[in-house]
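**Student:** Questions regarding the structure given below will be posed in turn.
The values are calculated or read from the model by the stated rules, or taken from the named source; none is laboratory data. Bear in mind that the values here come from a model prediction, so they are computed numbers and not experimental data. In this analysis, Cβ positions are derived from the backbone assuming ideal geometry, glycine residues included, and neighbour counts consider all displayed protein chains. Just the protein is used for accessible areas: all its heavy atoms, side chains included, with ligands, DNA and RNA removed. Shrake-Rupley method; radii C 1.70, N 1.55, O 1.52, S 1.80 Å.
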Amino acid sequence: MIIYKFGGVSVKDAAAIRNICQIIAKVKRPLAVVISAIGSTTNLLEELVDAYFSGSDKCWNHFETLKKNHISVLNDLFEEVPEQIISEVNALFVELETKISKPSSDQFNFEYDQVIGFGELLSTTIISGYLNETGQKNQWIDIRTCLDSDDNYLDANINWETSKEKVNVKFVDDSQALYITQGFIARDDKGFTTSLGREGSDYTAAILAHLLGADKMIIWKDVLGILNADPDYFDTTTKLDLIPYHEAIELSYYGARVIHPKTIKPLQAKQIPLWVKSFIDPSQKGTLITKGEQPQPMLPNYIVKKKQVMVNLKPLNFSFIGEKDLVFIFSLVTKFRIKLNFTQNTAVSFAFCVNSSVRNIKELIGELSKKYEVDLSEDLELITVRHYTPSTIEEIQNKHHVLVEQKNSNTAIYLTVEN
């Protein structure tokens, strides 16, 4: 079995969908293909669920935009859209419409997960239908019938034991089999949809690869492979030919956008090679993630996170920051399910950095303000350099106003004022 994963950019419109279908046509079977929502659909659904949860009528504007976008893709794909595909797509719209016609509960994370997966359900329904119509017979699988999870909505944990049995029943190792399924979503024991974290389709593909004992997994991107720096922020970048599993974990942990942070461990556990390749030019070799000692070539790797907020805490009672303070702070961070991108503590202060868009940050700060003096610094960026050199450090210090610096033997982190 081979596992392919295509992200939203690779299926952003009809031309992109035709392109990935050509890529799929050239690979031997059995093949399981995990597909994300079309283009920026997930962002649109996040706006929809925000409006729905707050009781705003804007959710219906977002709903109509969602329908319009997908109908446009259908009309561009087919000269005449087959009735069966129209029926299947309309059924999903009716299901979503029914959901948002009812009053929301007071649990945002739950409501988010019941809505957000419609992007993947719609994209895979359309692409599976197109493949069938163009001669690539395939089986559409609702991944929620295979992947069991707990009810930790927004960031659910997979039940590996029960999921393994179901996955191996659905994804049969048949020499002619082609499976189309969704990333990002699963189902809890009450039958409700759960999500595996933002950008979690990579993780879904890795879960399938692990449970099926896949020969390899390929993530298809709009870049030639994994680069040593984000081309959105750096003029000169170099493709890495090979990255060891442990290095890929480090890069994803610090925020490299190419790979979802949870993706590597399931593959490493079974020594399944992961390729990152270009759907724009599939003939290019790409980047291989596998066992090894160090990246090839060995270069400084830059990871940039923009739109950061630093929260600096000092005790109101003029005491030190001790273990009890850290336990209290992290218990609140856990309660509000906030991911910290950076932390630093001194004897009398504790600072952390989060994305400016993070939900519940105001609530967290409100709780912290009861015990600490809270100072906020906004419009910051976090720059991480793996395998830094003296010249790379000098360059960052010369080009940026550095507020905080952390370094160990091979990683340097800088919190700077955003340029």
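**Student:** Under 6 Å between Cβ atoms, at least 6 apart or on separate chains: pull out the pairs that start in the stretch 24-44 with a residue that is within 20 Å of Gln176 (Cα to Cα) and end on any residue that is among the aromatic types (Phe, Trp, Tyr) and modelled with pLDDT of 95 or more.
**Tutor:** So the pair list comes out as Ala32/Phe171; Ala32/Tyr179; Val33/Tyr4; Ile35/Phe6.
**Student:** On the given criteria, is Gly225 part of a loop (DSSP other than H, G, I, E, B) and modelled with pLDDT of 95 or more?
**Tutor:** Considered against the rule, which asks whether it is part of a loop (DSSP other than H, G, I, E, B) and modelled with pLDDT of 95 or more, Gly225 comes out as no.
Yes/no matrix, rows are residues, columns are (1) within 30 Å of Glu373 (Cβ to Cβ); (2) modelled with pLDDT of 95 or more:
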{"site": "Phe279", "(1), (2)": "no, yes"}
{"site": "Leu288", "(1), (2)": "no, yes"}
{"site": "Lys306", "(1), (2)": "yes, no"}
{"site": "Asn312", "(1), (2)": "yes, yes"}
{"site": "Ile321", "(1), (2)": "yes, no"}
{"site": "Thr334", "(1), (2)": "yes, no"}
{"site": "Asn345", "(1), (2)": "yes, no"}
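**Student:** So Lys164 fits all but one of (1) among the basic types (Lys, Arg); (2) farther than 22 Å from Ala269 by Cβ; (3) within 23 Å of the chain's Cα centre (by Cα); what number is the exception?
**Tutor:** Only one criterion in (1) among the basic types (Lys, Arg); (2) farther than 22 Å from Ala269 by Cβ; (3) within 23 Å of the chain's Cα centre (by Cα) is unmet by Lys164, namely (2).
**Student:** Of the numbered conditions (1) outside any loop (DSSP other than H, G, I, E, B); (2) in contact (Cβ under 8 Å) with a residue 24 or more places away in the chain; (3) open to solvent by less than 70 Å² (accessible area, probe 1.4 Å), Ile396 satisfies every one except a single condition; which is it?
**Tutor:** If we test Ile396 against (1) outside any loop (DSSP other than H, G, I, E, B); (2) in contact (Cβ under 8 Å) with a residue 24 or more places away in the chain; (3) open to solvent by less than 70 Å² (accessible area, probe 1.4 Å), just (2) comes out false.
**Student:** Would you be able to say whether some residue in the stretch 104-114 is touching a residue at least 60 places away in the same chain (Cβ under 8 Å), acidic (Asp, Glu) and under 30 Å from His260 (Cα atoms)?
**Tutor:** Yes, the stretch 104-114 contains at least one residue that is touching a residue at least 60 places away in the same chain (Cβ under 8 Å), acidic (Asp, Glu) and under 30 Å from His260 (Cα atoms).
**Student:** I would also like to ask the following. Check whether at least one residue in the stretch 170-183 is touching a helix residue (DSSP H, G or I) at 6+ places or on another chain (Cβ under 7 Å), assigned to a helix (DSSP H, G or I) and open to solvent by less than 50 Å² (accessible area, probe 1.4 Å), and report yes or no.
**Tutor:** No, the stretch 170-183 contains no residue that is touching a helix residue (DSSP H, G or I) at 6+ places or on another chain (Cβ under 7 Å), assigned to a helix (DSSP H, G or I) and open to solvent by less than 50 Å² (accessible area, probe 1.4 Å).
**Student:** Mind listing whichever residues of the stretch 358-412 are under 27 Å from the mean Cα position of the chain (by Cα), closer than 20 Å to Gly255 by Cβ and β-branched (Val, Ile, Thr)?
**Tutor:** Listed by number, the residues that qualify are Val358, Ile361, Ile383, Thr384, Val385, Thr411.
**Student:** Then there is this: Just to be sure before I move on: is Ile180 β-branched (Val, Ile, Thr) and out of contact with any strand residue (DSSP E or B) (no Cβ under 7 Å at 6 or more places or on another chain) in the structure I sent?
**Tutor:** Values: β-branched (Val, Ile, Thr): yes; out of contact with any strand residue (DSSP E or B) (no Cβ under 7 Å at 6 or more places or on another chain): no.
Here the answer is no, as Ile180 does not meet what is asked.
**Student:** Right, next: For Thr238, only one of the following conditions fails: (1) more than 21 Å from Ser283 (Cα to Cα); (2) open to solvent by 10 Å² or more (accessible area, probe 1.4 Å). What is its number?
**Tutor:** Result: Thr238 passes all but (1).
**Student:** Which of the residues that make up the stretch 319-346 are farther than 17 Å from Glu367 by Cα, open to solvent by 60 Å² or more (accessible area, probe 1.4 Å) and either among the small types (Gly, Ala, Ser) or in a helix (DSSP H, G or I) (or both)?
**Tutor:** Once the filter is applied, which keeps residues that are farther than 17 Å from Glu367 by Cα, open to solvent by 60 Å² or more (accessible area, probe 1.4 Å) and either among the small types (Gly, Ala, Ser) or in a helix (DSSP H, G or I) (or both), the stretch 319-346 yields only Glu323.
**Student:** If you go through the stretch 311-331 one residue at a time, do you hit one that is in contact with a strand residue (DSSP E or B) (Cβ under 6 Å, 6 or more places away or on another chain) and charged (D, E, K, R)?
**Tutor:** Within the stretch 311-331 (the criterion being in contact with a strand residue (DSSP E or B) (Cβ under 6 Å, 6 or more places away or on another chain) and charged (D, E, K, R)), the answer is yes, since at least one residue qualifies.
**Student:** Any residue at all in the stretch 33-50 that's in contact with a Leu (Cβ under 9 Å, 6 or more places away or on another chain), under 30 Å from Pro282 (Cβ atoms), part of a helix (DSSP H, G or I) and open to solvent by 60 Å² or more (accessible area, probe 1.4 Å)?
**Tutor:** No, the stretch 33-50 has no match at all.
**Student:** Another question, then. Look at the stretch 116-165 and say how many of its residues are surrounded by fewer than 16 Cβ atoms within 10 Å (Cβ to Cβ) and outside any loop (DSSP other than H, G, I, E, B).
**Tutor:** Here the count works out to 6.
**Student:** Looking at Lys362, Lys307, Lys370 in this structure, which one is basic (Lys, Arg), in a helix (DSSP H, G or I) and under 28 Å from Gln107 (Cα atoms)?
**Tutor:** Among Lys362, Lys307, Lys370, only Lys362 is basic (Lys, Arg), in a helix (DSSP H, G or I) and under 28 Å from Gln107 (Cα atoms).
**Student:** Another one. For the stretch 241-274: of the residues being farther than 25 Å from Asn157 by Cα and hydrophobic (A, V, I, L, M, F, W, C), which is least open to solvent (accessible area, probe 1.4 Å)?
**Tutor:** Only one residue tops the list, namely Ile243.
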